[in-house]
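**Student:** Sharing a structure below in structure tokens format, with a few things to ask.
Read-outs throughout are calculated quantities, based only on the coordinates presented, and are distinct from any laboratory measurement. Keep in mind it's a predicted model, so treat the numbers as computed, not measured. Here Cβ is always computed from backbone atoms with ideal geometry, including for glycine, and neighbour counts include all displayed protein chains.
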Amino acid sequence: MQELDQGILNQLTQAKHAVILSHRSPDGDSIGSSLAMWHYLKKLGVESQVITPDPAPDFLSWLNGFKAMINGEQHTQLAQEKIKAADLIFCLDFNSPGRIAQLEPFLEENKSALKINIDHHQEPLDFCNLQLVDTSASSTAELVYQFVERLSGIDLIDLPAAEAIYTGILTDTGSFRFASTSSKTHQIVSKLIEKGVKPEQVHSRVYDSYSAERLRLLGYALNEGLKLYRDQQLAIIALDQKLLAQFNFKRGDTEGLVNYPLSIKSVKVSILLTEKEGKIRMSFRSKADLAVNEFARDHFDGGGHINAAGGIYHGGMPEALAKLESLIDDLF
């Protein structure tokens, strides 16, 4: 992250109406980062509002400030009004304005606000006044911690903010097992624990909050839903809309599911497909130096990190699977 000076802090404290934007299909890092920034701005005396393009998953509902967020899908006019009135806008955990879906035009129409992008995804677009991007960071939550530390010191990180940052790091590092987890990551986590974060409690709240239906969906996905290709080097799990409805699917129920096949010794790439309203959302995970972000970008209008990426297919599940199967050689 580039150097930050006192002038930036002065601009923050002078803001009257701040907005914090998260990407569509928000995850633990985007919500953790956003709520941590919300708490920090509150400490600075700045009124702010977290806005997500669509609903956040229930497994994050315990985080302080979760209920105060605005869901732009349900409250589009209110979201538009907040973004229009903002004189400070944080864009957290996304590298392109297209990642905020229907909120993108509202962001672009506000020409007067100071816009700050904090992100760790590769190939960022230059769409904010201040681009604080570090693609080597484990998570955007880690970068938010550094942002606060450099501007104000960590005394302004209270327990609710610390829990939000820890949640972002925990979820985006796959519980600290991904290659992006660095010594710096662990140093930050140690400071968060000193703030009062209880790792076992956060882990339980995030990962031990399954409904019975979610557990049954997981069982189905790993049994009937899991297909192996290319001498068991590639795993694909496909869950269509009818199947998800059968298990009373709720947003967040498939969180982390794409990682399970990577526990198979031979599997090098895992892909999860989920269907919603005529679109197939795709999650890609890989081991070692297999770059799934390039594959997602080239074929499925996506992107992300070398070992963790997302994409989308506009069409039905059979067609999406057929296209994937025809492109298997491009993955290896």
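**Student:** So what's the convex hull volume per residue for the Cα atoms of segment 6-206, in Å³? Don't skip to the end; give the middle numbers.
**Tutor:** Details: hull volume 20.8 nm³, N = 201.
Measuring per residue, one finds 103 Å³ for the Cα hull of segment 6-206.
**Student:** Could you pull out every one of the lysines with an alpha carbon less than 30 Å from that of residue 195, ignoring same-chain neighbours closer than 8 positions?
**Tutor:** 16, 42, 43, 67, 115, 184
**Student:** Angle check, please: helix 159-172 long axis (alpha carbons) against the longest principal axis of the chain (alpha carbons), in degrees 0 to 90, nearest 10.
**Tutor:** 30 degrees
**Student:** Moving on. Where does the chain land at 222 nm, in deg cm²/dmol rounded to the nearest 500, when only DSSP H runs of n ≥ 4 count, each adding -39500 (n - 2.57), divided by all residues? Walk me through the numbers before you get to the answer.
**Tutor:** On the way: 13 runs with 130 residues, N = 332.
Calculated mean residue ellipticity at 222 nm is -11500 deg cm²/dmol.
**Student:** Where the convex hull is taken over the Cα atoms of segment 212-331, what is its projected area averaged over directions, in nm²?
**Tutor:** Working: hull surface 27.2 nm².
In nm², the orientation-averaged hull projection of segment 212-331 is 6.8.
**Student:** So if each residue of separation counts as 0.36 nm, and I subtract the Cα-Cα distance between residue 151 and residue 14, what length gain in nm does that give?
**Tutor:** Numbers: separation 137, 0.36 × 137 = 49.32 nm, distance 1.45 nm.
The residue 151-residue 14 span can extend by a further 47.9 nm.
**Student:** Another question, then. Points 7 angstrom from Cα along the Cβ direction at residue 193 and residue 246: gap in nanometres?
**Tutor:** Taking the two extended label points, one gets 4.3 nm.
**Student:** Residue 6 versus residue 110, label points 7 Å from Cα toward the beta carbon: distance in nm?
**Tutor:** For the pair residue 6/residue 110, the computed spacing is 2.8 nm.
**Student:** If the elastic network links every pair of Cα atoms under 10 Å, which of 240, 172, 54 fluctuates the most in the Gaussian network model of the chain?
**Tutor:** Highest fluctuation of the listed residues: 240.
**Student:** While we're on this one: Rank 10, 207, 80 by how far each Cα sits towards the positive end of the charge dipole of the chain (+1 on Lys, Arg Cβ; -1 on Asp, Glu Cβ) and give me just the farthest.
**Tutor:** 207
**Student:** Answer rounded, prolate or oblate for segment 167-220, using the Cα gyration tensor with square roots of eigenvalues a ≥ b ≥ c: rounded when a/c is under 1.5, else prolate when a/b is larger than b/c, else oblate.
**Tutor:** Judged from the Cα gyration tensor, segment 167-220 comes out oblate (a/c at least 1.5, b/c at or above a/b).
**Student:** Pop out the ³J(HN,Hα) list for segment 305-320 in order, Karplus 6.51 cos²θ - 1.76 cosθ + 1.60 with θ = phi - 60°, rounded to Hz; leave Gly and Pro as x.
**Tutor:** Taking θ as phi minus 60°, the curve returns 9, 4, 9, 8, 8, x, x, 8, 10, 8, x, x, 5, x, 5, 4 Hz for segment 305-320.
**Student:** Out of 248, 293, 71, any idea which swings most in a Gaussian network model of the chain, alpha carbons joined below 10 Å?
**Tutor:** 248
**Student:** Still on this structure, please answer the following. Could you give the distance between the Cα centres of segment 7-56 and segment 154-202, to the whole Å?
**Tutor:** 18 Å
**Student:** Turning to a different aspect of this structure: Among 144, 267, 133, whose mean-square fluctuation peaks in a Gaussian network model of the chain (Cα, cutoff 10 Å)?
**Tutor:** With Cα springs under 10 Å in the chain, the top fluctuation among 144, 267, 133 is at 267.
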